[in-house]
Amino acid sequence: MKELVQKQLAQSIATMQAVLADPHITETIVSIGEITATAMKSGKKLLVAGNGGSAADAQHLVAEFVVRLNVNRPALRAIALTTDTSILTAAGNDFGYDRVFARQVEALGQPGDVFLGISTSGNSKNIVNALHQANKIGMTTIGFSGNDGGEMRCLCNYNIVIPSAVTMNIQESHLALEHIFCMVVERGVFGEDFESRPQILSE
């Protein structure tokens, strides 16, 4: 069992090292952070969706934006499309599970908003449909995926593709990058030195 633990940790670290060595991933995280910050400063919002572990990622990331990551600051506008069981079950029942996120993007999305779709395969049909809807509205679209990026790679303005075919390693890298994405947005909204300032809270 010790060998199993060490093997899995080594595999996770190797994936992270591959992410670290890819300058495109670093540049894209900076770009999407700056774009999302600009959108939020203009009164726009971030919508996030995923399935399974990626649904948990969507909720985790949105919690960091709405509550805080490391230091107190005003809340940032973000919504996870994975949490409202009445909407999810009604849309799934009436339109099919493939439409559960697209229907919410249609209702909540506005031009200038940002949509982040998370899918380790890049082929989750409900994420693909949500991206089509977001593009139709005029939202900025971002994809977090793995493998070769799948179908969603061609539908996103910006892509983060983890160089791995192992779902759990892709998800581990996604979460690390999602935290850093939040950090970049915070600095874009509040200034690069905001963490060193006296802590601020919303009224």
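Bear in mind these aren't lab numbers, they're just calculated from the coordinates by the rules spelled out. A quick note: this is a predicted structure, and the numbers were derived from the prediction, not measured. Neighbour counts run over all protein chains shown; Cβ positions are idealised from the backbone, glycine included.
Looking at E178, E195, can you tell me which residue is part of a helix (DSSP H, G or I), among the acidic types (D, E) and within 18 Å of the chain's Cα centre (by Cα)?
On the way: E195 fails: within 18 Å of the chain's Cα centre (by Cα).
Step by step, each of E178, E195 is checked, and only E178 is part of a helix (DSSP H, G or I), among the acidic types (D, E) and within 18 Å of the chain's Cα centre (by Cα).
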Output yes when any residue across the stretch 65-76 is buried (at least 18 other Cβ atoms within 10 Å of the Cβ) and closer than 18 Å to G117 by Cα, and no when none is. yes
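Can we say S173 is in contact (Cβ under 8 Å) with a residue 40 or more places away in the chain, small (G, A, S) and under 19 Å from D22 (Cα atoms)? Full working, then the answer.
On the way: in contact (Cβ under 8 Å) with a residue 40 or more places away in the chain: yes; small (G, A, S): yes; under 19 Å from D22 (Cα atoms): yes.
Answer is yes for this residue.
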Filter pass, Q59 being polar (S, T, N, Q) and either in contact (Cβ under 8 Å) with a residue 40 or more places away in the chain or under 20 Å from V166 (Cα atoms) (or both): no
Counting only residues that are closer than 20 Å to T167 by Cα and in contact (Cβ under 8 Å) with a residue 60 or more places away in the chain, how many does the stretch 15-43 have? 6
Result of the Cβ filter at 9 Å on the stretch 142-159, keeping first residues that are on the phi < 0 side of the Ramachandran plot and touching a residue at least 12 places away in the same chain (Cβ under 8 Å) and partners that are β-branched (V, I, T) and surrounded by fewer than 21 Cβ atoms within 10 Å (Cβ to Cβ), at least 6 apart or interchain, is I142/T28; I142/I35; G146/V166; G146/T167; N157/I35; Y158/T28; Y158/I35; N159/T28
Pair list, Cβ < 8 Å and 6+ apart or interchain, from the stretch 74-87 residues that are under 20 Å from G53 (Cα atoms) to residues that are in a loop (DSSP other than H, G, I, E, B) and basic (K, R): A78/K45; I79/K45
How many residues does the stretch 29-64 hold that are among the hydrophobic types (A, V, I, L, M, F, W, C) and over 11 Å from the mean Cα position of the chain (by Cα)? 6
